[in-house]
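To start, the structure itself, in structure tokens.
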Amino acid sequence: MLGTPTEYTELPYFFTDQYDLGMEYVGHAPDFDRVVFRGDFAGREFVAFWLDGDNRVLAGMNVNIWDVLDDVKALIRSAAPVDPNKLADPQSPLGDLLG
């Protein structure tokens, strides 16, 4: 804007509230290999993670689960492989998956 080239480093993000559902999506996953769910999918309280073939988190969406967005962003930014079983386990803190 002032003649200084700067890379835009923010992750794509959107949120919406639809009746009894609140959702936040962060990241970008036009091509992915699998989706891992953490939480109660049937009860509509979960986090979904889009992973590539190396088990790196490309994007995440929390549905009626709050205070996880910073951890999801950290997983995406780290670009480090994660254990999908631990990612799916609500008893395994997301922050511990960063290594």
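The values are calculated or read from the model by the stated rules, or taken from the named source; none is laboratory data. From a predicted model like this one, the values you see are computed outputs, not experimental measurements. In this analysis, Cβ positions are derived from the backbone assuming ideal geometry, glycine residues included, and neighbour counts consider all displayed protein chains. SASA here: full protein model, heavy atoms, side chains in, ligands and nucleic acids out. Shrake-Rupley method; radii C 1.70, N 1.55, O 1.52, S 1.80 Å.
Met61 is checked against (1) assigned to a loop (DSSP other than H, G, I, E, B); (2) within 10 Å of the chain's Cα centre (by Cα) and fails just one. What number does that condition carry?
With respect to (1) assigned to a loop (DSSP other than H, G, I, E, B); (2) within 10 Å of the chain's Cα centre (by Cα), Met61 is out only on (1).
So, in the stretch 55-99, exactly how many residues are open to solvent by less than 40 Å² (accessible area, probe 1.4 Å) and among the hydroxyl-bearing types (Ser, Thr, Tyr)?
So the answer is 1.
Could you please give the count of residues in the stretch 23-63 that are acidic (Asp, Glu) and either touching a Phe, Trp or Tyr at 6+ places or on another chain (Cβ under 8 Å) or within 20 Å of Glu10 (Cα to Cα) (or both)?
4
Scan the strands (runs of 3 or more DSSP E) fully inside the stretch 1-51 and keep the ones with 2 or more residues being exposed (fewer than 10 other Cβ atoms within 10 Å of the Cβ).
13-18
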